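Remarks on the structure that follows.
The values are calculated or read from the model by the stated rules, or taken from the named source; none is laboratory data. These numbers were taken from a predicted model, which means no experiment stands behind them. Glycine also receives a Cβ, built like all others from the backbone with ideal geometry; neighbour counts cover every protein chain displayed.
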């Protein structure tokens, strides 16, 4: 996976903008800034069709900004990697909405690239932007990754995507000035979460 961010992944979230959240069947139910409720949980086998439907619902521009090419759908190997259960290789968090929380409206992913290092990426559905959902997904993803032993997170961003850069810098990512590319910026963040966090705690903490 290459870690790519879409422009409108959610930014400008102020402290206290979120309502309460509770753990429910391994998921966290969260109220976003506009009052809608979503649940966040780890992707697992059986979620492939929901993730595929989500990617298909995105605009071509959003898919390009996330994957850096005009991907139409996730490949079988991508789906297999996204639902594998081993945190030491990577993980995907899903934001789900709808009457029974079965509609994927956001997706955050980390892939381990070297021991202790991972690439991260977030994408949020077209109608779920600018409510802080991308910010929340990334925060939960960082906790999950730290619990799996990740100490450094990386992401690539298109230079034409200043909103994503602003979000990541707000969350502590810094531009790697040694990485020079005409079209992308590379950002890095050292993880500061305590080692006592586990992957399970990442979705159960209040």
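Here residue 105 meets each of (1) crowded, with 19+ Cβ neighbours inside 10 Å; (2) farther than 24 Å from residue 168 by Cβ with one exception, condition (2).
From the list 163, 179, 155, 145, pick out the single residue that is out of contact with any helix residue (DSSP H, G or I) (no Cβ under 8 Å at 6 or more places or on another chain) and not in a helix (DSSP H, G or I).
After applying the criteria, what remains is 179.
Residues in segment 55-100 that are in contact (Cβ under 8 Å) with a residue 40 or more places away in the chain, within 13 Å of residue 45 (Cβ to Cβ) and assigned to a loop (DSSP other than H, G, I, E, B): 85 only. Among the conditions (1) surrounded by fewer than 16 Cβ atoms within 10 Å (Cβ to Cβ); (2) assigned to a loop (DSSP other than H, G, I, E, B); (3) touching a residue at least 60 places away in the same chain (Cβ under 8 Å), residue 172 misses just one, which is (3).
Looking only at segment 41-67, which residues are more than 16 Å from residue 124 (Cα to Cα) and in contact with a strand residue (DSSP E or B) (Cβ under 7 Å, 6 or more places away or on another chain)? Give the derivation first.
Residues of segment 41-67 more than 16 Å from residue 124 (Cα to Cα): 44-49.
Across segment 41-67, the qualifying residue is only 47.
Here is a yes/no grid of residues against (1) over 15 Å from the mean Cα position of the chain (by Cα); (2) modelled with pLDDT of 90 or more:
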position: 20; (1), (2): yes, no
position: 31; (1), (2): yes, yes
position: 40; (1), (2): no, yes
position: 53; (1), (2): yes, yes
position: 68; (1), (2): yes, no
position: 71; (1), (2): yes, no
position: 80; (1), (2): yes, yes
position: 83; (1), (2): no, yes
position: 91; (1), (2): no, yes
